[in-house]
Each structure stands twice: as C-alpha cells, then as structure tokens.
Ligand code: GLN
C-alpha cells in the first residue's frame, strides 16, 4: 500500500476562522480528484468527548453513526465529503490522557516516568495514524483545535513537529490558517498578526508549508508576497480565503486559489482528474436562485447561539436548495412562548420545528408550539425532544390526560407518555451512556415518511434516554397520532405522524446529522416541500 499522506491544519491570530471549513473544502477537492481522504479533529480540552458539554460551550454535539458524541466540525466533514465519520475522527485531550493513564495503571510503561513527551505525543500520533488505517485512506487531514500559542495545544503541535520530522517533507504538510485584518482608517491590510502567529509555530519547531489567509477583502499580490517572504513560505503557497456568502462556496474559492494543487505538489502526489464538482455547483446554483421563500420557526432553548443547532440549520440549507426555496429560519426561544402569546408568536410561520434538548427549561413553550402546529395545519417536524413534546401535547389536549408528561420533566406524572428506556434505569454516569448512534427503523408502508424515504427500512442516528411509552400506543393511534417508524428489535417508536394533518411528523432520532450537500435528508426535503405547498394554498 502506498504511504499515507498527512495534512495538519492549525490556526492562528484568532479563533473561529473556519479551520473546519478550510479542511473540509480541501478534502472535498482532493476527493473530487479521486483521492480517498478523511478529516480528523483533535480538540485540546479535557472532557473525554463533548457529550457532557452544554451547547453554549462549543455549539451542538454531533453524533456519528457508530455512536460517538463529537465536535460539530465533524458535521461539516460529513456534509462536505458525504462519507461517514466515526469516533476515530474526533479525539480530545481527555481521551488521550485517559488512554495513557489507563495504560500506566495497567503497567504498560514498565516502570518508566510517564510524560507529555514521549507518552502523550506518542498517543496523539497513534490516533492520527489510526484514522488512516481504519478505512485505508490515502490522505488524512487533521485539524488541530484552538489557536497556536495556547498552552493546551502545545502537545499537539509537538506531535506534528515529530511526525513531520519522522515522515519527511513530502509526507506531512502543515497548513496554517490566519487572519489578515483590513484597517479602514489607513486603508490597508495588516500582516503583522500573521507573522507573529507563524513565529509562535516556529518557536514550537514547526514551519508551515502553506498559509491560508482569511480576509474580508481581496488581498493584493504585494500583501501575499510580503507574507511569503516574512513567513518563509513559497509565494504560491500563500492563498487567500475571502469572506463568502455561504460556506459551501469555499471549495470553489479554494479551487480557484489552487490550494489542492499546491498541497498535492508538496506531497509529491499526482494531480489525477481536475475537480468538476458538477453536483456541488448545481447545488450552489439552486441555493442562490430560489424561486420561492418560506419562514420556518425553530423553537429551542439555545437559540442565542446559532451553533447549538448547526446541523439543523445546515439541513435546511440543503433541503432549501433541493426545493429551490429560500428558507428564513427564525430562531424562537421556547422560554418566550407562553399559553397567552403562542398564537401571536407563531401565526406567521410556514412551518414549525421543535428542537432537541434536555431538561425542563423552556419545555412548556415547545409543547405550545407543537399544539399550535397541530391545531392550525402548519407543517411540523419534531426532532427527538421535539417529538416527545408533540406526544405530550397530544396526550394532554386530545386524549385528555391532563398531566401527561415525560418522566424526565415530571417523574411523578400519572401519564408517563414519554418514559425512561429500561436499559437506562440503572445508568448513573452521564458521559456516553445514552442510546447513541445508528439504529434501524422499519417505516410503515403508505405513510408520509415512507413516501419521503422511498424505502421501508432506514438507519438513523440517536441521542436520547427517554422514549415513547408503548403502553399508550393504541390510545394514540385510535385518536389519530400513529407510530409509523419502529425499531425492529426493541419495538421502540422511532417516528410518529398525524395522518389527518397536512404534514405532522415527529422523529425520536436526529435526521439532521445525516443531511449532506449531495444527499439532503428526505424528511427535511419533504417538510420544506409541505411548507411551500401550505403557503401557496393559504395565499
Ligand atoms: N431529553 C430527551 C431524552 O433524553 C431528548 C434528547 C434529545 O432531544 N436529544 O430522551
């Protein structure tokens, strides 16, 4: 087998410059040239995974098909590459240390003093190589979280230095992403922050091979050449990444900047075919030329931070393009919705999505939103907790179970229509203990969801502890809310629908995790279609 090539992506000057998008865009271009490529994220925090983090901390927790709770950047990787990631694609400092400490307790280090160098750095390198081995990738792009100069990123940068030294220039590449600010007072771009951040990398022994400069305005050739000279980087290996309307334009921009060609040349790899990106360009074309417009309300409790619902909002971009429909996704705080105001707050919406979530805060607002959608024929999609809210609402207002609830919110309810799964009852640890990852779902024939999927069995990703209480199955279906998706082994309800409603679907799983640019998720696509139809019917 040919040697695996490694590309590391580091960031400097500021956080949130979009290392994930640059990594995904480069990977997309290499994939389009026929290379098997994967992307990995190394996160320098001590949590073993982001599953226990509040979404306000790092945005949404993304779940892979193998049930890993991961950083939201993995969502970008999948949406761009259309290939699944796994636990191996996201490693945190916590996970690295956990492995090393477990080995130490096991006696694997034979009496040695266990240290950051070589033990932690060896474990980092092992994790980087593991991801290539797993699916026999030719190229691994590893994104290093955080900003160069942070104390906690140091072991990662040291591991990169060692890999570069061990593998040689042509097998290991470092791309450094920085910011070049434009000072309007003096009317010029400033390169000093970039120079300083490259210096910080050099202090750690790493000379970047390629610089990607984030900028609001086009950079002149002079600015690029100045950066090249002062940072010791080839002139044509300094590329700009100018702000664009949508992240999905970045691969096209990087193609124009020849980032893929520069990377391949430095890695001594053949160019293979020129990326045509036909489907990608078609998607962008439809995204930018909508023929209709709808407003969808996303009711959740983390709406102040849009990253908390990243995969949902990206899924709407995919489904919007598929329908050539511009979607105004209105974030609605569930704590602002009350029984007194919910009609006024929601009446203008063409569709309502109730978001996933945990705990009591804002729950009644979500239940009111589900009620409004049900009573007014507004297309509704309830995701995970969103489905559970729709079930609670139906229990209370249609079946007359006054205190219907989830035992997560009210353990003493006389109608636990949503209840803890049996296997969860003895679980006390919080990390990685939910029903996680892909589970099969048999979709009932002749239902709205089976038409959407066009197949009778699907696998969807989960992240929850509670479920529909099957004790109530018949009461619900007799009253018009039916279970149309069931897990074959456990009989757990995966999907509910109200057939008499124009489009009312609740899913216990997370369809948003598997929507990609070239494969938009059918439930989002059909939901948007239903919103468009209802909107034109009501005109
Ligand atoms: N809190 C609910 C549960 O654990 C829903 C979780 C979610 O929306 N992801 O079942």
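Listing for the model above:
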| item | result |
| --- | --- |
| Cβ-Cβ under 9 Å pairs, at least 6 apart or on other chains, region 450-472 side without any contact (Cβ under 8 Å) to a residue 60 or more places away in the chain and farther than 19 Å from residue 417 by Cβ, far side more than 16 Å from the ligand (Cβ to nearest atom) and assigned to a loop (DSSP other than H, G, I, E, B) | 450/444; 450/456; 456/444; 456/445; 457/488 |
| Residue 417 being crowded, with 24+ Cβ neighbours inside 10 Å, assigned to a helix (DSSP H, G or I) and within 15 Å of the ligand (Cβ to nearest atom) | no |
| Boolean, residue 408 is surrounded by 18 or more Cβ atoms within 10 Å (Cβ to Cβ), assigned to a loop (DSSP other than H, G, I, E, B) and either within 30 Å of the chain's Cα centre (by Cα) or away from the ligand (no atom under 12 Å from the Cβ) (or both) | yes |
| Positions within region 5-18 being at pLDDT below 95 and under 16 Å from residue 250 (Cβ atoms), in sequence order | 16, 17, 18 |
| Test: residue in region 316-332 that is in a helix (DSSP H, G or I), out of contact with any helix residue (DSSP H, G or I) (no Cβ under 8 Å at 6 or more places or on another chain) and either away from the ligand (no atom under 16 Å from the Cβ) or more than 27 Å from residue 464 (Cα to Cα) (or both) | no |
| Filter pass, residue 357 being assigned to a helix (DSSP H, G or I) and either away from the ligand (no atom under 13 Å from the Cβ) or touching a strand residue (DSSP E or B) at 6+ places or on another chain (Cβ under 8 Å) (or both) | no |
| Lone qualifier among 429, 422 - being free of Cβ contacts under 8 Å to residues at least 12 places away in the same chain and within 25 Å of the chain's Cα centre (by Cα) | 429 |
| Cross-chain or 6+ apart pairs with Cβ under 7 Å, region 251-264 first and at pLDDT below 95, then in a helix (DSSP H, G or I) | none |
| Tabulated pairs, region 346-364, first more than 14 Å from residue 303 (Cβ to Cβ) and in contact (Cβ under 8 Å) with a residue 24 or more places away in the chain, second part of a helix (DSSP H, G or I) and within 10 Å of the ligand (Cβ to nearest atom), C-beta under 9 angstrom, 6+ apart or interchain | 358/385; 363/385; 363/389 |
| Odd one out for residue 388, checked against (1) closer than 18 Å to residue 475 by Cβ; (2) out of contact with any helix residue (DSSP H, G or I) (no Cβ under 7 Å at 6 or more places or on another chain); (3) assigned to a loop (DSSP other than H, G, I, E, B) | (3) |
| Per-region count, region 360-385, residues assigned to a helix (DSSP H, G or I), crowded, with 18+ Cβ neighbours inside 10 Å and more than 16 Å from the ligand (Cβ to nearest atom) | 5 |
| Residue under evaluation residue 467, criteria (1) outside any strand (DSSP E or B); (2) over 19 Å from the mean Cα position of the chain (by Cα); (3) within 16 Å of the ligand (Cβ to nearest atom), criterion not met | (1) |
| Subset of region 391-405 (residues that are part of a helix (DSSP H, G or I) and away from the ligand (no atom under 14 Å from the Cβ)) | 393, 394, 395, 396, 397 |
| Candidate set: region 265-287, residues that are free of Cβ contacts under 8 Å to residues at least 40 places away in the same chain and surrounded by fewer than 15 Cβ atoms within 10 Å (Cβ to Cβ); chosen: the one farthest from residue 324 (Cα to Cα) | 270 |
| Every residue from region 159-188 that is more than 31 Å from the chain's Cα centre (by Cα) and assigned to a strand (DSSP E or B) | 183, 188 |
| Number of the condition not met by residue 85 [criteria: (1) buried (at least 24 other Cβ atoms within 10 Å of the Cβ); (2) over 12 Å from the mean Cα position of the chain (by Cα); (3) within 18 Å of residue 135 (Cα to Cα)] | (2) |
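A quick yes/no check of all residues on (1) more than 16 Å from the ligand (Cβ to nearest atom); (2) within 23 Å of residue 323 (Cα to Cα); (3) in a loop (DSSP other than H, G, I, E, B):
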| position | (1), (2), (3) |
| --- | --- |
| 474 | yes, no, no |
| 478 | yes, no, no |
| 484 | yes, no, no |
| 489 | yes, no, yes |
| 494 | no, no, no |
| 501 | yes, yes, yes |
| 505 | no, yes, no |
| 523 | no, yes, no |
| 527 | yes, yes, no |
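The values are calculated or read from the model by the stated rules, or taken from the named source; none is laboratory data. Just so you know, these numbers come straight off a predicted model, no measurement behind them. Glycine also receives a Cβ, built like all others from the backbone with ideal geometry; neighbour counts cover every protein chain displayed.
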